[in-house]
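Step one of this worksheet: look at the structure below.
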Amino acid sequence: ERWLFWHRRDLRLADNLGLAAAAAATPAVTGLYVLDPAIVADPLMAPARAWFLCESLRELAARWRAAGSRLLILRGDPAALVPLAAQAAGAAVVAWNREVEPYGRERDRQVAAALRGQGTRVLVDWDQLLVAPEAIRTGAGEPYRVYGPFLRNWRGQVEGRAARGAGSAGSLEPVAAPSGLLDLDPGALQGERASLWEALPRLDAMPSAEELGFSFSGADLCPCRPGEAAALSQLQAFADGGVNGGPLTAYEPGRNLPGEAGTSGLSAALSFGTLSPRQAWAAAREARALARSTEALTSIGVWEQELAWREFYQQALFHFPELADGPYRPQWRHFPWEDDPVRLRAWEEGLTGLPIIDAAMRQLNESGWMHNRCRMIVASYLVKDLIIDWRHGERAFMVRLVDGDLAANNGGWQWSASSGMDPRPLRIFNPSTQAAKFDPEATYIRRWLPELAHVATADLISGDIAPLERRGHPAPIVSHKIQQARFKALYAALPRG
Ligand code: FAD
């Protein structure tokens, strides 16, 4: 019997649990991807993400062919098209991996109901997380709202499963890509199935992002490389540090220095699923086994904690979908945001006059990616120095980021705004202090603001640059000292609760 495997945010053949389950049942598996206008034509879609998606799908289609079968790419509404594709292909079962976002969950519910209604079986399970959201709860049986205790539970579960090794239930050992699959023969379809197949809105070749109407010119600057092959080699280059002293073994403190390539650049790969979290975890484990110094072991542990942050925000969104709609802490709904559109535009365009902010926004605008330290700095600045509702920032990131992901982006913004689950109430970054600490030679600032490269390092860090030296770059639009005091006063006047 034929199975369909529906790819969504798991654009790879290797270590894809849903696909592995399908291939274990039968070699007659056909891949399916539906180019959903609700995602591709969403006003929040970033050109960088369209590029990453299209390039990854092109490679995925080639991999399906090499594995003996094909990837059927359809364009339209999955709720209608997945059941139709199953009928046309004569599929007995459609398998896919579960998702955490409210849109995806509702879509999947509709698709599953339609499939079951027509007698097609459905197989779904978790793949994109090491620990499924339902499997991680506090002692009282509640979902976690605080990262620290979540991390302890998560690490305990993950390490316990890793210790049990390959082949055991819940093993974290990555599984190989299927091979020797059997393709369906569209020419042999008959009757209603043949006409259904003909009527499917098929794309014979995956269009490029340009063909879909997106223009992204930052591919060479973006650290995230599309496709399964690139994700794996990026992971290897990063984690090989266990032996050769690469970035993973120096992640702490390298991860905090935006002027250095100290992080993995795997965020888009993990978000689109060209890489699995088990592959990432396995690489860290291998590096751990080879590590010789305390620094290396600490670094690997810190990187694993970042993988846990990813899972923390996903389980949070899964259990509290209302996070997507606004501040988690209710008193923030009453905050008197100033939302000055001129200031918002200056922030978006990297024209605030503060070099560390403008360099970071330039990195985002030009490359589709921004270093984590800088994401925290520009987010704090937008909210606490410009007194602009963090949801404007969340949106501005989403329309630009190659790795833009509802759970991580919303989590990051709520953390920065102090409106989220984080127990610490108020956190205000001083941009200049941050720059002094994490970009002490202004390497990062000069890289992204070459027009200010001639300015003395101390002035680039403080933002206190003589007018003649600015060469057209604006003077600071606000004073951190004044604005953070104003922000604190507004915050103090908020109703508690
Ligand atoms: P590494 O340092 O190599 O970390 C490894 C992986 O861990 C990352 O690829 C990512 O999957 C995960 N990770 C690391 N830090 C975090 C974190 N704080 N939260 C969740 N996952 C994390 N990350 C996204 O993937 N998508 C987003 O839309 C996003 N928006 C953000 C918005 C704000 C305001 C902030 C402060 C952070 C945001 N992050 C987001 C988290 C983080 O900045 C990126 O994951 C990280 O910079 C990606 O670089 P990397 O792959 O080199 O990470």
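The values are calculated or read from the model by the stated rules, or taken from the named source; none is laboratory data. Note that the coordinates shown come from a computational prediction; the quantities given were computed from them, not determined experimentally. We place every Cβ from the backbone using ideal geometry, glycine too, and count neighbours over all the protein chains shown.
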Worksheet, complete the sentence: Over region 341-380, the set of residues part of a loop (DSSP other than H, G, I, E, B) and of a type in the set (V, I, T) is T352
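Name the one entry in S276, S264, S271 that is farther than 17 Å from I300 by Cα, near the ligand (Cβ under 9 Å from one of its atoms) and outside the structural domain of R58 (by TED's automatic domain parsing).
The match here is S271.
Considering only residues that are touching a Phe, Trp or Tyr at 6+ places or on another chain (Cβ under 9 Å) and within 23 Å of A23 (Cβ to Cβ), which ones fall in region 147-173?
Answer for region 147-173, where residues must be touching a Phe, Trp or Tyr at 6+ places or on another chain (Cβ under 9 Å) and within 23 Å of A23 (Cβ to Cβ): just L172.
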Worksheet item: Pick from P253, P258: which is free of Cβ contacts under 8 Å to residues at least 24 places away in the same chain, more than 30 Å from R98 (Cα to Cα), within 16 Å of the ligand (Cβ to nearest atom) and in the same structural domain as N153 (by TED's automatic domain parsing)?
Response: P253
Worksheet item: Which one is surrounded by the fewest Cβ atoms within 10 Å (Cβ to Cβ) among residues in region 79-106 that are in contact with a strand residue (DSSP E or B) (Cβ under 9 Å, 6 or more places away or on another chain) and not aliphatic (A, V, I, L, M)?
Response: G90
Worksheet item: Applying the selection to region 310-331, what residues are in a loop (DSSP other than H, G, I, E, B) and more than 19 Å from the chain's Cα centre (by Cα)?
Response: G326, P327, Y328, R329
Item to complete: Report, ordered by the first and then the second residue, all pairs with beta carbons closer than 6 Å, sequence separation of six or more or different chains, a first member in region 10-33 that is more than 18 Å from I73 (Cβ to Cβ) and in contact (Cβ under 8 Å) with a residue 12 or more places away in the chain, and a second member that is surrounded by 24 or more Cβ atoms within 10 Å (Cβ to Cβ) and hydroxyl-bearing (S, T, Y).
Response: D15/S276
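Each row is one residue, and each column tells you yes or no for (1) loosely packed, with under 15 Cβ neighbours inside 10 Å; (2) among the β-branched types (V, I, T).
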residue: R285; (1), (2): no, no
residue: T294; (1), (2): yes, yes
residue: R329; (1), (2): no, no
residue: P341; (1), (2): yes, no
residue: A346; (1), (2): no, no
residue: L351; (1), (2): no, no
residue: G368; (1), (2): no, no
residue: H371; (1), (2): no, no
Worksheet item: In region 430-437, is there at least one residue being within 9 Å of the ligand (Cβ to nearest atom) and crowded, with 24+ Cβ neighbours inside 10 Å?
Response: no
Discussion item. Would you confirm whether or not region 192-208 contains a residue that is crowded, with 17+ Cβ neighbours inside 10 Å, among the charged types (D, E, K, R) and outside the structural domain of Q363 (by TED's automatic domain parsing)?
Written reply: no
Worksheet item: If you go through region 444-454 one residue at a time, do you hit one that is aliphatic (A, V, I, L, M) and part of a loop (DSSP other than H, G, I, E, B)?
Response: yes
Fill in: Condition met for L290 (within 11 Å of the ligand (Cβ to nearest atom), outside the structural domain of Y381 (by TED's automatic domain parsing), in contact (Cβ under 8 Å) with a residue 40 or more places away in the chain and farther than 22 Å from L382 by Cβ)
no
Fill in: E198 vs. criteria among the charged types (D, E, K, R) and assigned to a loop (DSSP other than H, G, I, E, B)
no
Fill in: Selection from region 124-165 of residues that are assigned to a helix (DSSP H, G or I) and within 20 Å of D15 (Cα to Cα)
P133, Q157, V158, E159, G160, R161, A162, A163, R164
Worksheet item: Restricting attention to region 293-305, and to residues there that are within 14 Å of the ligand (Cβ to nearest atom) and of a type outside the set (D, E, K, R), which single residue is nearest to G227 (Cα to Cα)?
Response: W303
Worksheet entry | Pairs, first within 24 Å of H454 (Cβ to Cβ) in region 468-487, second of a type in the set (K, R) and assigned to a helix (DSSP H, G or I), C-beta under 8 Å, six or more apart | I477/R343
Discussion item. Just to be sure I understand, how many residues within region 143-180 are closer than 30 Å to P321 by Cα, surrounded by fewer than 12 Cβ atoms within 10 Å (Cβ to Cβ) and touching an Asp or Glu at 6+ places or on another chain (Cβ under 9 Å)?
Written reply: 0
Item to complete: Name every residue in region 381-421 that is over 16 Å from Q314 (Cα atoms), more than 8 Å from the ligand (Cβ to nearest atom) and part of a helix (DSSP H, G or I), in order of residue number.
Response: Y381, L382, V383, K384, D385, W390, R391, H392, R395, A396, A417
Worksheet item: Here are some conditions: (1) within 16 Å of the ligand (Cβ to nearest atom); (2) under 27 Å from F52 (Cβ atoms); (3) modelled with pLDDT of 95 or more. L449 meets all but one. Which one does it not meet?
Response: (1)
